[in-house]
């Protein structure tokens, strides 16, 4: 799942989350979170689910880049 970086950054700022904390919470490296953050990599299902738990439904749905994300519909 691809995310729009400006929307993820906005959600993190409003919740005052740091990249290191988010990486630890999601169980992945800071560089992987950074690549997702910058739009250079897609998030796996597990990471996307973790982002949903951390940021909430509204923030994650607004941040998904639907043009680049393939999903089963």
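Since every read-out is calculated from the coordinates, none of them should be taken as a lab result. Here the structure is a predicted model, which is why all the values come from computation and not from measurement.
Which one is right for this structure if Cα extents along the principal axes in Å is calculated from it: [x] 31, 27, 23; [y] 64, 27, 18; [z] 32, 22, 19?
[z]
May I ask for the angle, rounded to the nearest 10°, between helix 5-15 and the longest principal axis of the chain, with both axes built from Cα atoms and the value confined to 0 to 90°?
In the chain, helix 5-15 runs at an angle near 40 degrees to the longest axis.
Given the Cα-Cα distance of residue 70 and residue 5 and 0.36 nm per residue of separation, how much length would full extension add, in nm?
The residue 70-residue 5 span can extend by a further 21.6 nm.
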